[in-house]
1. Among the residues of the range 299-325, count how many are of a type outside the set (Asp, Glu), within 21 Å of Ile267 (Cα to Cα) and surrounded by 12 or more Cβ atoms within 10 Å (Cβ to Cβ).
2. Could you list, in sequence order, the residues of the range 311-321 that are outside any helix (DSSP H, G or I) and in contact with a helix residue (DSSP H, G or I) (Cβ under 9 Å, 6 or more places away or on another chain)?
3. Being of a type outside the set (A, V, I, L, M), at pLDDT 95 or above, closer than 21 Å to Ile328 by Cβ and crowded, with 16+ Cβ neighbours inside 10 Å narrows it down to one of Gly268, Gly296, so name that one.
4. Please go through the range 284-293 and pick out each residue that is buried (at least 19 other Cβ atoms within 10 Å of the Cβ) and in contact with a helix residue (DSSP H, G or I) (Cβ under 9 Å, 6 or more places away or on another chain).
5. Residue by residue through the range 52-105, note down the ones that are of a type in the set (A, V, I, L, M), touching a Phe, Trp or Tyr at 6+ places or on another chain (Cβ under 6 Å) and either at pLDDT 95 or above or under 29 Å from Phe146 (Cα atoms) (or both).
6. For Ser131, are the conditions met, namely being surrounded by 20 or more Cβ atoms within 10 Å (Cβ to Cβ), closer than 30 Å to Phe305 by Cα and touching a residue at least 24 places away in the same chain (Cβ under 8 Å)?
7. Would you pick out the residues in the range 121-168 that are closer than 26 Å to Glu221 by Cα, of a type in the set (Val, Ile, Thr) and at pLDDT below 95?
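The values are calculated or read from the model by the stated rules, or taken from the named source; none is laboratory data. Everything quoted here is computed from the prediction, not taken from an experiment. Heads up, the Cβs are rebuilt from the backbone with ideal geometry, glycines too, and the neighbour counts pull from every protein chain shown.
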Amino acid sequence: MKKLLSLVMFLALAGSALAEQAKVGSAGAQFLKIGVGPKYQAMGEASVATATDIYAAYWNPAGLVEVENWAVSFTSVNWLLDVDLNYVALARYFDDVGTFAVSATVLSMEDQEITTVMEQDGTGKTYSASSYAIGLSFARQLTYRFAFGATVKYVGEQIGEVDSRGYALDFGTLLYTGLRSLRIGMSISNMGPDLEFSGNALKVGYDDQSGQGSNMPVDAELSTNPYNLPLVFRVGLAYDIEFAPKSMVTVSTEFKHPNDNDQQASIGAEYGYDDRFFLRGGYKLNYEEETFALGGGLSAPVGDFTRILVDYSWQDFGRLESAQRFSIGFTF
C-alpha cells in the first residue's frame, strides 16, 4: 500500500508541476478539452473517479479496468457556433492481461468562405478546418484496490492548406480506498511536445533585394510559433449511497488544474434505479461561461449478453447559450 500511495503522490506532484509550465490562454488544440460522454457532462464533468466505462479512455484511462468484456460507443456533440464533435471508441478486456481500447475524436465545421481586404464579400473560394485525435489505451488492475491506465494519442489540426501534427500521452490511477465505496481518481491528460503549423500556404518566394536587383526569388517557407497542448491534471472523489434495494445515488467531486487557465472544480450526482434508469446533475465552479448541467440515461438488455446504453445531456453556457450531447453504446 505504501508503494501505491507513493505512486499516487508522484502523479499528483507531477501533474501540478507540469500544469504550471504555461500561462493562461496560451495552449492550443482546445478541442482536446471538450469532454465526451453525456453521462459525465451531465454530472458537471466530475468524472475522474466515476468514469469506469468506455469513456474512461478520455477522462481517466485507469477506469477502463471496469469494462467486463466488449464495449463500443459513439457520441455526437452539438457544440457551439455550428461546430460538431464526434467520438467513437471500442474496448476489450483480456483475462490476466488488462483492457485495451481504441478511440477517435473528430472536430469539424462547414466550409468557410475566404475573404480578403480587397474582397471582403468573398473570393468565391472556401477553406475547411478540422481537428482530430486517435488514441490507444491500456488499463490494468495492479492490486485489488489499485488500477493504472495510459493512453497514447496522435493529434492533428488542419486549417486550409496548413496543418500541425504530434502526439500526446494520458496517465491515470484509480484507488479503491476500502472505506465502503469511496474511491479516488487522478489523471494527467495531453502531455506531449508543442505543435507547429506548416504547409503549402506558408510557402513563399523570397527576394532579399526586394526586387531592386537581378536576383530571382528563391523558394522559402514562413515559420510559425509552436503552441502548447492543453495539459490538464485532475483529482477527484466518488462515493455510492444505496438507500433502497433498487436505488443508488453516486456523488462525485473533482478538482482540475489546467495549464492555460485558473484552477477549477466541479460537483455532480447520479441517481440510478434498477441499474437501468438514470437522472444526473452537476455544477462547475470557476468556469467563465459553463455552470450547471442536467441529463439522463437508459441501460437496457437487447439480448442474452448485450445491453444498449443511451445517454443525453444539456449544459448551460451562459452567454453562449447551451450545448447538447447524445451517445449510444453497447456492452457485450
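1. Let us first name the residues in the range 299-325 that are of a type outside the set (Asp, Glu), namely 299-303, 305-310, 312-315, 317-320, 322-325.
Next, from what is left, pick out any that are within 21 Å of Ile267 (Cα to Cα): 312-315, 317-318, 322-325.
Retained after the next criterion (residues that are surrounded by 12 or more Cβ atoms within 10 Å (Cβ to Cβ)): 312-315, 317, 322-325.
So the answer is 9.
2. Going residue by residue through the range 311-321, those that are outside any helix (DSSP H, G or I) are 311-317, 321.
Result: Asp311, Tyr312, Ser313, Trp314, Gln315, Phe317, Glu321.
3. Details: Gly268 fails: closer than 21 Å to Ile328 by Cβ.
After ruling out the rest, the residue left standing is Gly296.
4. Of the range 284-293, the ones buried (at least 19 other Cβ atoms within 10 Å of the Cβ) are 284, 290, 293.
Scanning the range 284-293 gives Glu290, Ala293.
5. Going through the range 52-105, the residues of a type in the set (A, V, I, L, M) turn out to be 54, 56-57, 62, 64-65, 67, 71-72, 77, 80-81, 83, 85, 88-91, 97, 101-102, 104.
Imposing the further condition that a residue be touching a Phe, Trp or Tyr at 6+ places or on another chain (Cβ under 6 Å) reduces the set to 62, 67, 72, 85, 88.
Within the range 52-105, Ala62, Val67, Val72, Val88 qualify.
6. Details: surrounded by 20 or more Cβ atoms within 10 Å (Cβ to Cβ): yes; closer than 30 Å to Phe305 by Cα: no; touching a residue at least 24 places away in the same chain (Cβ under 8 Å): yes.
In short, no.
7. Within the range 121-168, Thr123, Thr126, Ile159, Val162 qualify.
Results for (1) part of a strand (DSSP E or B); (2) β-branched (Val, Ile, Thr); (3) under 21 Å from Val67 (Cα atoms); (4) free of Cβ contacts under 8 Å to residues at least 12 places away in the same chain, shown as yes or no for each residue.
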| residue | (1), (2), (3), (4) |
| --- | --- |
| Ala293 | yes, no, no, no |
| Ser299 | yes, no, yes, no |
| Gly303 | no, no, yes, no |
| Ile308 | yes, yes, yes, no |
| Ala323 | yes, no, no, no |
